[in-house]
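The structure appears below as structure tokens.
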Amino acid sequence: MVFFSSCRVSSPKLCGNVVFVAKKQHQCVITVASRCITSNAMREGLPPVNKPPPFPYKEKRYNFFRALFDPTTSRLDENSKLIVVEGPPAAGKGVLAKELADDLGMAYFPTPTVAETYINDYGYDLRQLDDQIPNSCKSYDENDFLKDPMRLNGAKAARFQLSKLALRYKRHLDALAHILNTGQGVVMDRSPYSDLVYITAMAEAGIVSKNVYNYYHSVRNNALFALWRPHLVIYLDVPVAETRRKIEARNIPYEKDSKMATPEYLQSLIDSYKKDFLKDISTHAEVLVYDWTKPANTEIVVEDIERVNFDQYGIYDAKMKDWRCYDKWDWNNNRQVFTHSQHQLIAHLNVPPIKCPEIAIDGAEYKIYETLKDKLISAASGFTQTPSFTSVLHFNDTQMDSLPLTFRKCLHQNG
């Protein structure tokens, strides 16, 4: 159970689970949640905690009026935490993250993939258009990256990694929104903070240029400030030789023979994880590192998590500072931003590639792709369509009248 309290004081003071601070002549208060994660086994037999049910944030908007009767802090408890599982490829991150989520009563957020983005809202696979659009606009997902990382002199791989960063950024926002609206903690497989290890390894392997590497970091530095970093990072340390063995055991030809699975590339990944990511994230989050050459029992990891004291840091400590709010309205405002203003935060990823023209797509070529894509309508919608570049959509009068005015204008303009 979590208790929140507040009062006005004239000097800095630490008292139990509540941190108080006065700033100059203004009297203010900072509240933090009690930070002791407990597993389902530890909570078994205890009386249920009386707190509001999860807010349906995907269907309803959290606004000022709702905040009056639904303060964010009323849902937060000791398990309202963000945990991220990291490690090299084939380490078993997804399996461990899913099991931890089950044992801790948290939600599991898997790592997003570029392949998922090619399935539009109507269920149409945009990769089917590859034979009708320019090379620069053709699909390029995880499998393509493993098969041909040097396509278009590495330009495809550069755009691919920037897309991965954007997807992980969006997934992180979703995790923050879930925690603040439901009170349920989240266990994630990878995060946008660790995405830099891949661009580092790609640069060292000669897949992307130094120009692309610098542009990636300009995008990263322009966007990550808006997120809250995780409470806990779990890193699975697997030697290169064991990683290679696991990749070969999966026996996927284009993966085990890929340039992205060579010992040199995997070693670059691991080195960057330890020198760049873990060194930086440890200034804010708690970090648990495991030798995962042979996967351990998940219960051991759960017990280690329960021993982590998240409540040992004060208001001036760097650790956990992202999760300190001045009062309940600061919590409410952040909840609203992470839930309903995601598009504004994602816009921070939009850094003009003025000094990195190799990742840009020719406007005329992209227009061809956009024109074709805009003509695709789901078969389930009841409209007749022929998804090819030279085709037009055919509607009867009733169907045409049911379309939005802007869409009807678009159809007339495109013949």
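The values are calculated or read from the model by the stated rules, or taken from the named source; none is laboratory data. None of the values given here were measured: they were computed from a predicted structure. Note that each Cβ is placed from the backbone with ideal geometry, even for glycine, and that neighbours are counted across all protein chains shown. Ligands, DNA and RNA are excluded from the accessible area calculation, which covers all protein heavy atoms including side chains. Shrake-Rupley method; radii C 1.70, N 1.55, O 1.52, S 1.80 Å.
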Any idea how many residues of the stretch 103-134 are more than 20 Å from Val187 (Cβ to Cβ), more than 15 Å from the chain's Cα centre (by Cα), in contact (Cβ under 8 Å) with a residue 40 or more places away in the chain and assigned to a helix (DSSP H, G or I)?
-> 4
In the stretch 315-325, anything open to solvent by less than 20 Å² (accessible area, probe 1.4 Å) and part of a loop (DSSP other than H, G, I, E, B) is listed as Met320
The number of residues in the stretch 175-216 that are open to solvent by 10 Å² or more (accessible area, probe 1.4 Å) and either of a type in the set (Ser, Thr, Tyr) or under 29 Å from Leu100 (Cα atoms) (or both) is 12
How many residues are farther than 21 Å from Glu78 by Cα and not acidic (Asp, Glu) when one looks only at the stretch 147-204?
-> 37
Residues of the stretch 92-148 satisfying the condition of being closer than 22 Å to Ser163 by Cβ, open to solvent by 50 Å² or more (accessible area, probe 1.4 Å) and touching a strand residue (DSSP E or B) at 6+ places or on another chain (Cβ under 6 Å) | Pro110, Ile119
With respect to Leu266, determine if the residue is within 25 Å of the chain's Cα centre (by Cα), within 20 Å of Val84 (Cβ to Cβ) and open to solvent by less than 60 Å² (accessible area, probe 1.4 Å).
-> no
Quick one: is Lys81 open to solvent by less than 60 Å² (accessible area, probe 1.4 Å), farther than 25 Å from Asn181 by Cα, at pLDDT 85 or above and of a type outside the set (Gly, Ala, Ser)?
-> no
State whether the residues of the stretch 332-344 include one that is over 17 Å from Ala177 (Cβ atoms) and either open to solvent by 60 Å² or more (accessible area, probe 1.4 Å) or not small (Gly, Ala, Ser) (or both).
-> no
Within the stretch 339-348, identify whether any single residue is of a type in the set (S, T, N, Q), at pLDDT 95 or above and in contact with a Cys (Cβ under 8 Å, 6 or more places away or on another chain), and answer yes or no.
-> no
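Conditions tested, residue by residue: (1) in a loop (DSSP other than H, G, I, E, B); (2) more than 17 Å from His284 (Cβ to Cβ); (3) not acidic (Asp, Glu).
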position: Asn214; (1), (2), (3): no, yes, yes
position: His217; (1), (2), (3): no, yes, yes
position: Asn222; (1), (2), (3): no, yes, yes
position: Pro230; (1), (2), (3): yes, no, yes
position: Tyr235; (1), (2), (3): no, no, yes
position: Thr243; (1), (2), (3): no, yes, yes
position: Ile247; (1), (2), (3): no, yes, yes
Please identify the pairs in which a residue from the stretch 322-341 that is in contact (Cβ under 8 Å) with a residue 24 or more places away in the chain and within 25 Å of Thr283 (Cα to Cα) has its Cβ atom under 6 Å from the Cβ atom of a residue that is assigned to a helix (DSSP H, G or I) and not acidic (Asp, Glu), counting only partners at least 6 apart or on another chain.
-> Cys325/Trp331; Trp331/Thr72; Trp331/Thr73; Arg335/Thr72; Arg335/Leu180; Phe338/Leu173; Phe338/Leu176; Phe338/Ala177
Verdict on Asp257 being acidic (Asp, Glu) and under 30 Å from Val302 (Cα atoms) = no
Count, please, the residues in the stretch 65-91 that happen to be under 30 Å from Leu269 (Cβ atoms) and out of contact with any Leu (no Cβ under 6 Å at 6 or more places or on another chain).
-> 6
